[in-house]
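To keep things clear, I will list the structure first and then write my remarks on it.
Taken together, the values in this text are just the output of simple stated rules run on the coordinates, not laboratory data. Keep in mind the model is a prediction, meaning the values are calculated, not measured. A quick note on method: Cβ atoms are made from the backbone with ideal geometry, for glycine too, and the neighbour counts reach across all protein chains shown.
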Protein chains: 2
Amino acid sequence: MVNHSIAHQLLDDRDDEAGQWIIVYDFIENKPNPNFWANLKRVSETHGGSLIQYSVYKTGSLREAKAVKGLVKHYGGEAIVFRCVESNI
Amino acid sequence: MVNHSIAHQLLDDRDDEAGQWIIVYDFIENKPNPNFWANLKRVSETHGGSLIQYSVYKTGSLREAKAVKGLVKHYGGEAIVFRCVESNI
C-alpha cells in the first residue's frame, strides 16, 4: 500500500546524512493543525528524532530535519534549522 | 560601583569565543522567578544574544552562553547547550 501522508511525502528525499540538527519552529498567532502533530509523530517513529521542547525538535538525520521543516511550512509555521553539537560548557 | 547582580557574576568569566550557541531551557512544573527574566535581560543587553522562542536563547558568545546556562541553573531550571550553525536545508 502506498502511503500518501504528507510526512511520508516529505521523507521521500534520497539524501541523508548523519549529524545533529535542531529545528526551532513557531506557529505565529495560531496553534498548528492537529494533523501537524500526527505527521510529526510519523516522522519521529520512522527516523527516531523527538521534541525536546514544545517548539524544538532534535534529530540525527538530515532527511528527518528536512521533513520536519517541510511539515512546519506545510502547516503554515516558521522554522529555523541549526546544525548542532551538544556542548558541555 | 560594583555590580553584584547574578547576571554580572555569571558573566565574570575571562574566556570568550565567537561562534553560535543555542540554549534550550525548561523550568519543569513551575515558571521561572521574575528575577530570571531581569537577569536574562541584563545578559542580553551587554552581549547581544536574544530569545528566539520562549525557551530558546541564541547567542554569538561562548561567555554569554555560559552565563545563560548558569542563570537557568541558578533559578532551578534545566538547560541544554548546543554549538550551532544555521542551516539552509
(message) Going by what's in this entry, would A:Asn39 be described as farther than 23 Å from B:Phe82 by Cβ and not in a helix (DSSP H, G or I)?
(response) no
(request) Exactly one condition in (1) free of Cβ contacts under 8 Å to residues at least 60 places away in the same chain; (2) not in a strand (DSSP E or B) is not met by B:Ala7; state its number. (result) (1)
(message) Quick test of your reading of the structure: A:Ile23 fulfils all but one of (1) touching a strand residue (DSSP E or B) at 6+ places or on another chain (Cβ under 7 Å); (2) not in a strand (DSSP E or B). Name the failing condition by number.
(response) (2)
(message) Just to verify a result, which residue in the range B:20-36, among those that are surrounded by 14 or more Cβ atoms within 10 Å (Cβ to Cβ) and within 14 Å of chain A (Cβ to nearest Cβ), is nearest to the chain's Cα centre (by Cα)?
(response) B:Ile23
(message) Given the criterion closer than 27 Å to A:Trp21 by Cβ, among the acidic types (Asp, Glu) and out of contact with any Phe, Trp or Tyr (no Cβ under 9 Å at 6 or more places or on another chain), identify the matching residue among B:Asp12, B:Asp26.
(response) B:Asp26
(message) Based on this model, can you work out whether A:Ile28 counts as in contact (Cβ under 8 Å) with a residue 12 or more places away in the chain and either hydroxyl-bearing (Ser, Thr, Tyr) or farther than 28 Å from B:Lys66 by Cβ (or both)?
(response) yes
(request) Have a look at B:Lys58, B:Lys41 and point out the one that is exposed (fewer than 14 other Cβ atoms within 10 Å of the Cβ) and either more than 10 Å from every other protein chain (Cβ to nearest Cβ) or under 24 Å from A:Gly77 (Cβ atoms) (or both). (result) B:Lys41
